[in-house]
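Working notes for the structure below.
The values are calculated or read from the model by the stated rules, or taken from the named source; none is laboratory data. Being a predicted model, the structure only gives us computed values, none of them experimental. Cβ atoms come from the backbone with ideal geometry, glycine included; neighbour counts cover every protein chain shown. Calculation scope for accessible area: heavy atoms of the full protein, side chains included, ligands and nucleic acids excluded. Shrake-Rupley method; radii C 1.70, N 1.55, O 1.52, S 1.80 Å.
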Amino acid sequence: MAVYTLAFVAYAVDVARRSAATAVPEEARELVGAGASGAPATGAPARPTASAPATAPAGRPGRGARIGFALIVIAWALHLGGAVMRGLAAGRVPWANMYEFALTGVAVIVGVFVLSRLWRDLNFLGVFISGLATVFLGVATVNFYVTPTPLPPALQSYWLVIHVFVATLATGFFALGSGLSVLQLIKERRSSGFLRALPSTVQLEDLAYRVGVIGFIFWTFTLIAGAIWAEHAWGRYWGWDTKEVWTFVIWVIYAGYIHARATRGWRGSRSAWLQLVGFAAIIFNYSVVNLFFKGLHAYSGL
């Protein structure tokens with residue numbers, strides 16, 4: 001958590017630097033325009049100003065972003081080490097209760113962000129990812145920490161490895177998509193400062209849609225695998241348990257998001273808000289459903 005916090009600070013400093021770098025050229029253009037209006041017409045071609053090239057460095061990762069990424073990689077390595085040691089201490093996979101699911105889930109979220117660099121540079125999401133990791137780990141450690149305990153009989157199955165881990169993978173991609181949607185909504189309302197250096201709102205929306213589709217595929221498998229596991233453990237595929245219902249609700253929201261964008265032309269802010277509603281449902285499922293609703297999944301709140 002300490003290293004994630006340092007990464008957050010480094011990314012925040014980089015955002016502030018780039019915001020200042022783009023603010024100066026805007027003032028310069030205003031001053032040049034004001035001076036030109038009162039200057040005598042000489043017929044000579046206008047001389048280029050220094051404002052255009054001055055904005056270019058803001059689009060490249062600065063020292064703060066590079067330091068932030070290095071720190072978040074270090075934090076992720078420490079994080080993975082902690083998750084592995086938790087599993088060794090418990091003698092099983094480390095995702096059998098709320099604390100362990102948060103520990104593993106946040107590691108997956110950060111891992112998706114780090115490994116996405118092999119596909120596309122998403123370093124501009126560094127503030128969101130490092131901040132989310134710090135807050136989620138802090139909340140889980142303070143409120144949900146438990147010592148390693150044996151598995152309940154219902155969890156003593158290889159489906160624990162498959163079903164829950166795939167759910168964490170889906171959550172990681174959904175978290176990345178929600179971060180892209182947040183930036184899209186912010187940029188739609190304001191494009192000054194460091195936001196000028198980000199991809200366009202259309203590009204952000206397309207990226208959010210792509211990672212959302214990947215997350216939806218994993219979540220679909222989670223839903224199916226959960227039904228198969230329920231039949232093995234409880235003798236029925238579906239019993240309208242609260243956790244089962246909310247898993248299906250999340251699936252419906254993201255299915256609606258993909259369908260609306262692909263066939264109904266839901267673009268722009270409507271698409272972004274629908275993706276954020278889906279991620280909010282995931283947070284609700286993890287927190288409120290686990291803590292305040294009774295059901296066969298009650299052990300997840302231990």
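Answer with yes or no whether Ile224 is farther than 18 Å from Phe113 by Cβ and among the β-branched types (Val, Ile, Thr). Yes; evaluated as a whole, the condition is true for this residue.
Kindly establish whether Ala58 is assigned to a helix (DSSP H, G or I), farther than 25 Å from Phe113 by Cβ and modelled with pLDDT under 85.
no
Please determine whether any residue of segment 190-204 is open to solvent by 10 Å² or more (accessible area, probe 1.4 Å), in a helix (DSSP H, G or I), of a type in the set (A, V, I, L, M) and under 21 Å from Ile283 (Cα atoms). Taking every residue of segment 190-204 in turn, none turns out to be open to solvent by 10 Å² or more (accessible area, probe 1.4 Å), in a helix (DSSP H, G or I), of a type in the set (A, V, I, L, M) and under 21 Å from Ile283 (Cα atoms). Pro94 passes every criterion in (1) free of Cβ contacts under 8 Å to residues at least 12 places away in the same chain; (2) open to solvent by 50 Å² or more (accessible area, probe 1.4 Å); (3) under 23 Å from the mean Cα position of the chain (by Cα) apart from (2). Against the definition (under 30 Å from Leu155 (Cα atoms) and open to solvent by 40 Å² or more (accessible area, probe 1.4 Å)), how does Ile186 come out, yes or no? Spelling it out, it is not the case that Ile186 is under 30 Å from Leu155 (Cα atoms) and open to solvent by 40 Å² or more (accessible area, probe 1.4 Å).
Scanning segment 231-238 turns up one or more residues that are of a type in the set (Phe, Trp, Tyr), more than 21 Å from Ile109 (Cα to Cα) and either open to solvent by less than 60 Å² (accessible area, probe 1.4 Å) or in contact (Cβ under 8 Å) with a residue 60 or more places away in the chain (or both).
Give me the residue from segment 121-149 that is in a loop (DSSP other than H, G, I, E, B) and in contact (Cβ under 8 Å) with a residue 12 or more places away in the chain and, out of that set, nearest to Gly179 (Cα to Cα). If you could, list the steps in order and put the result at the bottom.
If we filter segment 121-149 for residues that are in a loop (DSSP other than H, G, I, E, B), which is where we start, we get 121-122, 144-149.
If we keep only those that are in contact (Cβ under 8 Å) with a residue 12 or more places away in the chain too, we end up with 121-122, 144-146, 148-149.
Details: Asp121: 14, Leu122: 10, Phe144: 25, Tyr145: 27, Val146: 30, Pro148: 32, Thr149: 34 Å.
So the residue we want is Leu122.
Filtering segment 251-285 to residues that are of a type in the set (Ser, Thr, Tyr), over 14 Å from Gly215 (Cβ atoms) and open to solvent by less than 10 Å² (accessible area, probe 1.4 Å) leaves only Ser271.
In segment 233-242, the residue that is modelled with the lowest pLDDT out of those that are in contact with a helix residue (DSSP H, G or I) (Cβ under 6 Å, 6 or more places away or on another chain) and part of a helix (DSSP H, G or I) is Ala233. One residue alone among Ala280, Ala260, Ala230, Ala272 is part of a helix (DSSP H, G or I), touching a Ser or Thr at 6+ places or on another chain (Cβ under 6 Å) and modelled with pLDDT of 85 or more, and that residue is Ala272.
For the subset of segment 153-177 comprising residues that are assigned to a loop (DSSP other than H, G, I, E, B) and open to solvent by 40 Å² or more (accessible area, probe 1.4 Å), which member is modelled with the lowest pLDDT? First the steps, then the outcome.
Step one: list which residues in segment 153-177 are assigned to a loop (DSSP other than H, G, I, E, B), which gives 156-158.
Next cut, open to solvent by 40 Å² or more (accessible area, probe 1.4 Å) only: 156, 158.
Values: Gln156: 80, Tyr158: 87.
Within segment 153-177, the match that is modelled with the lowest pLDDT is Gln156.
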